[in-house]
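J.: Following this message is one structure expressed as structure tokens.
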Amino acid sequence: MGFDTSFHPVDLPLIESRLLPYLAGQGGDDDINDLIADAVRIRKVRFRAKAWALGVQAYVREHEGIDFEPHLYVWGRPFFLVGDGPERIAEGMRRYLAASATGVDGTGVDTTGVDAIAAEMIDRLDPALSGRIEPDAGGRLPDDDALAAGLAMPLRMLRGSAVALRAGQRHVRRPEDGREFDAAELLTREVPYCVVEFAAALMPGWMSRGYTWPTHLCAEAGIGAVGFTAPTPLTGLLREEFPDLEWQDPAPTIVGNYMVGGLVPVDRVADARTRLADHRDRLKCDALDVQKIDEAMAVAEQFGLGFCEAAEIYSGMDGNLN
């Protein structure tokens with residue numbers, strides 16, 4: 001079993017105040033449309049930024065002497081970020097997250113804004129590359145409606161499950177193909193992964209591959225995973241609203257594909273980061289993966305967010321990049 005692992009600054013207040021009430025069937029069906037629209041915009045910004053990173057990678061393949069690590073810049077950090085230190089990385093994240101997507105190039109992306117940020121990143125990498133890189137043109141995103149539908153579908157299915165259960169119904173039907181699902185099973189099994197996946201559409205995480213998630217590394221090294229808890233808070237409100245469902249106690253680590261593992265509350269991120277830094281020489285993984293974990297935690301600190309580890313949010317093989 002392979003793992004496409006990822007490390008996430010995670011907005012727990014957003015999940016608790018907006019996503020979980022929505023999934024519980026509260027409010028109206030359109031109550032998260034603003035979040036979906038923002039996620040569509042950020043998805044297009046991510047796509048364009050990665051096109052520049054892939055463009056640099058293609059150039060480096062044909063030219064020697066350029067220090068470019070694709071597992072950091074393409075399949076590591078979100079967007080296309082060059083620079084050291086939490087403040088600089090967080091500042092780049094903020095700029096990308098604020099970039100607009102107004103359709104000036106016919107694909108729905110304001111390439112002037114994104115391209116300007118990416119050009120600065122290329123200059124940081126090597127000023128000699130300025131004007132020599134072309135963004136990768138090998139892929140194309142679906143249109144806005146298709147992107148929005150893909151982002152919304154898991155959340156709408158979970159909300160539909162809650163609504164069905166409140167009405168005394170056992171099944172929920174997927175509108176796209178009419179297939180029926182067990183509503184209780186969906187609600188008790190799929191929520192943590194789906195809410196983190198959606199939160200990551202608004203605040204992308206770091207990509208990795210293999211047995212590189214922090215709680216596994218700590219266990220393997222024989223050190224305690226300080227600050228990490230099970231991801232139970234990701235279902236908190238639903239457990240309260242549907243106490244008669246068979247809720248399982250989630251594992252405090254990753255034990256399979258398509259799941260969330262250890263979760264670090266906002267007030268424990270600094271402790272968790274310090275613990276890993278103090279024992280980084282005992283962690284059995286590449287130094288680059290330790291760097292990715294540390295950067296994701298550092299950005300979580302900079303933004304005042306929590307942190308979690310997950311599997312299959314992204315997939316390099318499928319071209320689903322961060």
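The values are calculated or read from the model by the stated rules, or taken from the named source; none is laboratory data. Because the structure is predicted, anything quoted here is derived from the model rather than measured. Don't worry about glycine lacking a Cβ; one is built from the backbone with ideal geometry, like all the others, and counts go over all protein chains shown. These accessible areas exclude ligands, DNA and RNA; they are computed on the full protein's heavy atoms, side chains included. Shrake-Rupley method; radii C 1.70, N 1.55, O 1.52, S 1.80 Å.
J.: Is one or more of the residues making up segment 216-228 open to solvent by 30 Å² or more (accessible area, probe 1.4 Å), within 15 Å of VAL196 (Cα to Cα) and either part of a helix (DSSP H, G or I) or not charged (D, E, K, R) (or both)?
T.: Checked segment 216-228: no residue is open to solvent by 30 Å² or more (accessible area, probe 1.4 Å), within 15 Å of VAL196 (Cα to Cα) and either part of a helix (DSSP H, G or I) or not charged (D, E, K, R) (or both).
J.: Same structure, new question: Select, from LEU305, LEU263, LEU276, the only residue that is in contact with a Ser or Thr (Cβ under 6 Å, 6 or more places away or on another chain) and under 23 Å from THR232 (Cα atoms).
T.: Exactly one residue qualifies, and that residue is LEU263.
J.: Something else now. Taking ALA149 and the conditions (1) assigned to a helix (DSSP H, G or I); (2) surrounded by fewer than 21 Cβ atoms within 10 Å (Cβ to Cβ); (3) in contact with an Asp or Glu (Cβ under 8 Å, 6 or more places away or on another chain), which numbered condition does it fall short on, given that it satisfies the others?
T.: (3)
J.: Output the residues belonging to segment 262-287 that are part of a helix (DSSP H, G or I) and of a type in the set (Val, Ile, Thr).
T.: Of everything in segment 262-287, those that are part of a helix (DSSP H, G or I) and of a type in the set (Val, Ile, Thr) turn out to be VAL266, VAL269, THR274.
J.: Which members of segment 59-79 meet the condition of being open to solvent by 50 Å² or more (accessible area, probe 1.4 Å), in contact (Cβ under 8 Å) with a residue 12 or more places away in the chain and either assigned to a helix (DSSP H, G or I) or charged (D, E, K, R) (or both)?
T.: ASP67, GLU69, HIS71
J.: Determine whether segment 17-29 contains at least one residue that is under 30 Å from GLU241 (Cβ atoms), in contact with an Asp or Glu (Cβ under 7 Å, 6 or more places away or on another chain), touching a residue at least 12 places away in the same chain (Cβ under 8 Å) and of a type in the set (Ser, Thr, Tyr).
T.: yes
J.: Checking ILE32 against (1) touching a strand residue (DSSP E or B) at 6+ places or on another chain (Cβ under 8 Å); (2) over 26 Å from GLY139 (Cβ atoms), which test does it fail?
T.: (1)
J.: So for segment 270-282 (the condition being surrounded by 13 or more Cβ atoms within 10 Å (Cβ to Cβ) and within 21 Å of LEU187 (Cβ to Cβ)), does at least one residue qualify?
T.: The answer is no, given that none of the residues of segment 270-282 is surrounded by 13 or more Cβ atoms within 10 Å (Cβ to Cβ) and within 21 Å of LEU187 (Cβ to Cβ).
J.: Given (1) small (Gly, Ala, Ser); (2) closer than 29 Å to ARG94 by Cα; (3) under 19 Å from the mean Cα position of the chain (by Cα), where does GLY227 come up short, assuming only one miss?
T.: With respect to (1) small (Gly, Ala, Ser); (2) closer than 29 Å to ARG94 by Cα; (3) under 19 Å from the mean Cα position of the chain (by Cα), GLY227 is out only on (3).
J.: Under 8 Å between Cβ atoms, which residue pairs at least 6 apart in sequence (or on different chains) link something in segment 121-140 that is in contact (Cβ under 8 Å) with a residue 12 or more places away in the chain with a partner that is open to solvent by 60 Å² or more (accessible area, probe 1.4 Å) and in a helix (DSSP H, G or I)?
T.: Taking only residues 6 or more apart or on different chains, the pairs are LEU129/ASP123; GLY139/PHE47.
J.: Here is a follow-up. If you check THR235 against the conditions, is it assigned to a loop (DSSP other than H, G, I, E, B), open to solvent by less than 40 Å² (accessible area, probe 1.4 Å) and hydroxyl-bearing (Ser, Thr, Tyr)?
T.: The answer is no for THR235.
Matching residues to (1) open to solvent by 50 Å² or more (accessible area, probe 1.4 Å); (2) part of a strand (DSSP E or B); (3) within 19 Å of LEU305 (Cβ to Cβ):
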position: HIS8; (1), (2), (3): no, yes, yes
position: PRO13; (1), (2), (3): yes, no, yes
position: ARG18; (1), (2), (3): yes, no, yes
position: GLY25; (1), (2), (3): no, no, no
position: ASP38; (1), (2), (3): yes, no, yes
position: ILE42; (1), (2), (3): no, no, yes
position: PHE47; (1), (2), (3): yes, no, no
position: TRP52; (1), (2), (3): no, no, no
position: VAL56; (1), (2), (3): no, no, no
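J.: Return yes when VAL260 is β-branched (Val, Ile, Thr), under 19 Å from the mean Cα position of the chain (by Cα) and open to solvent by 30 Å² or more (accessible area, probe 1.4 Å) and no when it is not.
T.: Spelling it out, it is not the case that VAL260 is β-branched (Val, Ile, Thr), under 19 Å from the mean Cα position of the chain (by Cα) and open to solvent by 30 Å² or more (accessible area, probe 1.4 Å).
J.: Follow-up question, since we're still on this one. Across segment 296-312, which residue is nearest to the chain's Cα centre (by Cα) among those that are surrounded by fewer than 23 Cβ atoms within 10 Å (Cβ to Cβ) and more than 17 Å from PHE228 (Cβ to Cβ)?
T.: The qualifying residue nearest to the chain's Cα centre (by Cα) is GLU312.
J.: Mind counting the residues in segment 176-193 that are out of contact with any helix residue (DSSP H, G or I) (no Cβ under 8 Å at 6 or more places or on another chain) and either outside any helix (DSSP H, G or I) or buried (at least 20 other Cβ atoms within 10 Å of the Cβ) (or both)?
T.: 6
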